[in-house]
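The values are calculated or read from the model by the stated rules, or taken from the named source; none is laboratory data. Since we're looking at a predicted model, the values are computed, not measured. No Cβ is skipped: glycine too gets one built from the backbone with ideal geometry, and neighbour counts run over all protein chains shown. Only protein heavy atoms, including side chains, enter the accessible area calculation; ligands, DNA and RNA are left aside. Shrake-Rupley method; radii C 1.70, N 1.55, O 1.52, S 1.80 Å.
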Amino acid sequence: MKPILTNYALLASLLISGLAFAAGGGGVVVDPGAMQGKHFDVKGKAPSSFTVELQNGLRKSLPFEDKRDFEESKKGFIAAPAYKTIMADAGNVAWDMGSYEFLLQGKDFDSVHPSLQRQAILNMGYGLYEVVPGKIYQVRGFDLANISFVKTNTGWIVFDPLTAKETARAALELVNEKLGKRPVVAVVYSHSHGDHFGGVRGVVDEADVKSGKVKIIAPAGFMDHAVAENVYAGNAMTRRMYFQYGVLLPRSPFGHVDQSIGKNTAAGNLGLIEPTILINEPFEKMTVDGVEMEFQNTPGTEAPAEMNTYFPQLKAFWAAENITGTIHNIYTLRGALVRDALAWSKNINNALYRYGNEAEVMFASHSWPRWGNERIQEVMRTQRDSYAHLNNEVLHLANNGVTINEVHNVYKQPESLKSQWAAHSYHGSEEHNSRAVINRYLGYWDANPATLIPLSPKDSAPLYVEMMGGPAKIMAKGKSLYKQGKYREAMEIVNKLVYAEPNNVAAKDLLADIFEQIGYQKESPSVRNSFLGAAYELRHGMPSGASPKSNGPDMIKAMTTELWLNSLAISMDSKKAAGMKFTINLSTPDNGEKFVIEMSNSALTNIKGQQAKNPNLTITLDRSDLEKVMGGQTTFEKLLSEGKARFDGDRKSFDQLKSTLTIFTPDFELMPGTKAKKLDVKSSPKVVKDPFAAQDMAITAGE
């Protein structure tokens, strides 16, 4: 009996008619053997008998009889374009529809958690959909997020214009082709993550925004958070994102299959046009070209600045990214501040009681809409209760002595939530979200002094290896545990050997085999990708060809001078600054900003709105020219030679500062013995290698 084969054949058939296939762009090579079920890696392993047994058990226990999500995801389908790829202006593929086609074979894959495979098929929806007849439409499957179009008296209000100009432009062209050409009269950014604003230049012209012809509406704090969240640790976030988002994994049943809230992230031009209207109040009403809206600010939920929107005329609720087809990240593995699960739950509850009693459709910036008041309330309560239970139960466990190093093995959702698809943690996971709640309230320490100042793994691992009797015994025990399907136990000891002997190929290969099986078994693609990505790097090192987003001119313009100065302090090698002591005044006349920059005690500090009385050096240049330095299009030296910058005083302090600055590159090891090959990091526009240029930000996927 193969019940899941029948299920997936049916689920695929629900989507396959009239639909194409969705994929992100970037430097990932599509696995040519995916359709034949061949592993893309010569060292790769098929699912073990233990993994197959686990998957079969899940296929029998998960609520596959509930097919409402599939019915809802196809409802309102109008048309898909003839093409499967969208090209970036730079000439690369920004979006590839065919690379996930293997998911619609109508078969189950033992290398993919059955619940994740279901989600991956749901995210294959591609094309133009009607949400509210004659009024609200979505283009889905053109990027990680959805782009929504609300018809006004004379045009469109665009909600969340995707990551890239090229995919947003293609979506607008599809809408105008199928529904009649109309101008964009307003754009709404629901929140401060790049896949919700980066494509704005594909749907509006900045001149129309500046003239007032087009409004851009966003929640309070949007501009600060759109840039700041990803700057200070941006290089590390970019590197870690390779694991969470699987950007180096081929698309394959053995590799990347989905990103839970969409297939992948588009690799085009990310831009940003500053909002003209900020929503400051908890609830704020506005009418734009005949469309009544009420915005609900929900700060501190999925993003630091985020808002829902209700359309009272249409009884339609836009849930932004607060309610989607997955329980989200409380801690996102790429790295970000830990989110507040309780605040998230309360904001959903506020929406439920304010709008949920009358809404007839709920749609969002990811996933698919839900129709009917009863269904909407069901999903809202499910997600409200999921975040509340996570917060409350984890703190209950913590108050009973369960630590951050134990809670992921203890916390479990109640059966009433497990049985509902809307409570499944695809983007998040119960394991890393439960640890995040403790980290938010109690920090990283488990209160055992032995873990307060632990040895680094490279220092502790040799001690363990020696005490365990050496590499041969560890390898033998590790292989034995692997053969028994005890993958986490095997990981525990083999990981020590790899840290102790980073050049031990056999050990790295065994750890990769272990990671691979764990990855196959995980429901969350973020967790799956992290294990499979680490397995690949253990076997082959970090591949070349990654194309993370660089700082484009819009993001540089949005970066405050203070933020740039703070980032310089982070990029400074403090050891090189030993003994340096100086004060620099910085003045940018075109915007009236003034700063004091001080080097003392190997720390670089700054204060806005002040000027030192006796500085070592005063630097004067327009902020518009400073932006070109920040973006890497020019240097201070070039501006000085052109008369666009002036140094008054002793430039020795400037040269000293420059000598301490480091240019970060996202090629450091995440696993021992996997030193990266030289990365093929493509940047547009071409940047000058200058230490004063802003470091790259992890804005490709800010989820």
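Within region 81-91, track down each residue that is in a loop (DSSP other than H, G, I, E, B) and open to solvent by 30 Å² or more (accessible area, probe 1.4 Å).
Of region 81-91, the ones in a loop (DSSP other than H, G, I, E, B) are 81-84, 88-91.
If the condition is that a residue be in a loop (DSSP other than H, G, I, E, B) and open to solvent by 30 Å² or more (accessible area, probe 1.4 Å), then Ala82, Tyr83, Lys84, Asp89, Ala90, Gly91 are the ones that fit.
If the requirement is being surrounded by fewer than 20 Cβ atoms within 10 Å (Cβ to Cβ) and within 30 Å of Val257 (Cβ to Cβ), which of these qualifies: Glu378, Glu430?
Numbers: Glu430 fails: surrounded by fewer than 20 Cβ atoms within 10 Å (Cβ to Cβ).
It is Glu378.
Mind checking which residues of region 274-325 are open to solvent by 40 Å² or more (accessible area, probe 1.4 Å) and assigned to a loop (DSSP other than H, G, I, E, B)?
Within region 274-325, Glu274, Thr276, Asn280, Glu281, Pro282, Asp289, Pro299, Pro304, Pro312, Gln313, Leu314, Lys315 meet the criteria.
Looking at Lys658, Lys628, Lys675, Lys652, which one is open to solvent by 10 Å² or more (accessible area, probe 1.4 Å), more than 36 Å from the chain's Cα centre (by Cα) and not aromatic (Phe, Trp, Tyr)? If you could, list the steps in order and put the result at the bottom.
Working: Lys658 fails: more than 36 Å from the chain's Cα centre (by Cα); Lys628 fails: more than 36 Å from the chain's Cα centre (by Cα); Lys675 fails: more than 36 Å from the chain's Cα centre (by Cα).
On inspection, the qualifying residue turns out to be Lys652.
Here are some conditions: (1) of a type in the set (Lys, Arg); (2) open to solvent by less than 50 Å² (accessible area, probe 1.4 Å); (3) touching a strand residue (DSSP E or B) at 6+ places or on another chain (Cβ under 8 Å). Lys67 meets all but one. Which one does it not meet?
Going through (1) of a type in the set (Lys, Arg); (2) open to solvent by less than 50 Å² (accessible area, probe 1.4 Å); (3) touching a strand residue (DSSP E or B) at 6+ places or on another chain (Cβ under 8 Å) one by one, Lys67 breaks only (3).
Return yes when Ser115 is within 26 Å of Arg370 (Cα to Cα), outside any loop (DSSP other than H, G, I, E, B) and in contact with a helix residue (DSSP H, G or I) (Cβ under 9 Å, 6 or more places away or on another chain) and no when it is not.
Working: within 26 Å of Arg370 (Cα to Cα): yes; outside any loop (DSSP other than H, G, I, E, B): yes; in contact with a helix residue (DSSP H, G or I) (Cβ under 9 Å, 6 or more places away or on another chain): yes.
Considered against the rule, which asks whether it is within 26 Å of Arg370 (Cα to Cα), outside any loop (DSSP other than H, G, I, E, B) and in contact with a helix residue (DSSP H, G or I) (Cβ under 9 Å, 6 or more places away or on another chain), Ser115 comes out as yes.
Can you tell me which of Gly485, Gly469 is open to solvent by less than 60 Å² (accessible area, probe 1.4 Å), under 29 Å from Pro114 (Cα atoms) and assigned to a loop (DSSP other than H, G, I, E, B)? Talk me through it step by step, then tell me what you get.
Details: Gly469 fails: under 29 Å from Pro114 (Cα atoms).
It is Gly485.
Quick check: is even one residue across region 92-103 crowded, with 19+ Cβ neighbours inside 10 Å and in contact with a Pro (Cβ under 7 Å, 6 or more places away or on another chain)?
Scanning region 92-103, I find at least one residue that is crowded, with 19+ Cβ neighbours inside 10 Å and in contact with a Pro (Cβ under 7 Å, 6 or more places away or on another chain), so the answer is yes.
Specify the residue that is least open to solvent (accessible area, probe 1.4 Å); the eligible residues are those in region 172-186 that are in contact (Cβ under 8 Å) with a residue 40 or more places away in the chain and more than 15 Å from Asp143 (Cβ to Cβ).
As a first pass, look at region 172-186 and keep what is in contact (Cβ under 8 Å) with a residue 40 or more places away in the chain: 174-175, 178-179, 185-186.
Among the residues that remain, those that are also more than 15 Å from Asp143 (Cβ to Cβ) are: 178-179, 185-186.
Values: Lys178: 91, Leu179: 49, Val185: 23, Ala186: 0 Å².
Once the filter is applied, the top-ranked residue is Ala186.
Can you tell me how many residues within region 441-462 are part of a loop (DSSP other than H, G, I, E, B) and either open to solvent by 100 Å² or more (accessible area, probe 1.4 Å) or within 20 Å of His396 (Cβ to Cβ) (or both)? Write out each step before concluding.
Restricting attention to region 441-462, the residues satisfying the condition of being part of a loop (DSSP other than H, G, I, E, B) are 443-448, 452-456.
From what's left, either open to solvent by 100 Å² or more (accessible area, probe 1.4 Å) or within 20 Å of His396 (Cβ to Cβ) (or both): 443-447, 453, 455.
Summing the residues that are part of a loop (DSSP other than H, G, I, E, B) and either open to solvent by 100 Å² or more (accessible area, probe 1.4 Å) or within 20 Å of His396 (Cβ to Cβ) (or both) in region 441-462 gives 7.
Going residue by residue through region 137-147, is there one that turns out to be open to solvent by 30 Å² or more (accessible area, probe 1.4 Å), in contact with a helix residue (DSSP H, G or I) (Cβ under 9 Å, 6 or more places away or on another chain) and either in contact (Cβ under 8 Å) with a residue 40 or more places away in the chain or of a type outside the set (A, V, I, L, M) (or both)?
Here is the first cut: in region 137-147, the ones open to solvent by 30 Å² or more (accessible area, probe 1.4 Å) are none.
Within region 137-147, not a single residue is open to solvent by 30 Å² or more (accessible area, probe 1.4 Å), in contact with a helix residue (DSSP H, G or I) (Cβ under 9 Å, 6 or more places away or on another chain) and either in contact (Cβ under 8 Å) with a residue 40 or more places away in the chain or of a type outside the set (A, V, I, L, M) (or both).
What's the total number of residues in region 520-542 that are open to solvent by 10 Å² or more (accessible area, probe 1.4 Å), under 18 Å from Tyr499 (Cβ atoms) and among the hydrophobic types (A, V, I, L, M, F, W, C)?
Here the count works out to 1.
Counting just the residues of region 190-236 that are acidic (Asp, Glu) and touching a Pro at 6+ places or on another chain (Cβ under 9 Å), which one comes out surrounded by the most Cβ atoms within 10 Å (Cβ to Cβ)?
Applying the first criterion (acidic (Asp, Glu)) to region 190-236 yields 195, 205-206, 208, 224, 229.
Add one more test, that the residue is touching a Pro at 6+ places or on another chain (Cβ under 9 Å), and what stays is 208, 224, 229.
On the way: Asp208: 15, Asp224: 15, Glu229: 24.
The residue in question is Glu229.
All but one of (1) at pLDDT below 95; (2) surrounded by fewer than 21 Cβ atoms within 10 Å (Cβ to Cβ) hold for Met555, so report the exception by its number.
(2)
Just one of (1) within 25 Å of Leu670 (Cα to Cα); (2) β-branched (Val, Ile, Thr); (3) open to solvent by 20 Å² or more (accessible area, probe 1.4 Å); (4) not in a helix (DSSP H, G or I) trips up Ile493, so point out which.
(4)
Among the residues in region 173-196, are any in contact with an Asp or Glu (Cβ under 6 Å, 6 or more places away or on another chain) and of a type in the set (Gly, Ala, Ser)?
yes
Just one of (1) of a type in the set (Ser, Thr, Tyr); (2) surrounded by fewer than 19 Cβ atoms within 10 Å (Cβ to Cβ); (3) not in a helix (DSSP H, G or I) trips up Ser365, so point out which.
Failed condition: (2).
Among the residues that make up region 306-325, is at least one of them more than 22 Å from Ile147 (Cα to Cα) and not small (Gly, Ala, Ser)? Break it down stepwise before answering.
Residues of region 306-325 that are more than 22 Å from Ile147 (Cα to Cα), as a first pass: none.
No: zero hits.
Given the conditions (1) of a type in the set (S, T, N, Q); (2) surrounded by fewer than 22 Cβ atoms within 10 Å (Cβ to Cβ); (3) at pLDDT below 90, and given that Asn566 satisfies all but one, which numbered condition is not satisfied?
(3)
Go through (1) at pLDDT 95 or above; (2) open to solvent by 10 Å² or more (accessible area, probe 1.4 Å) for Gly106 and report which single condition fails.
(1)
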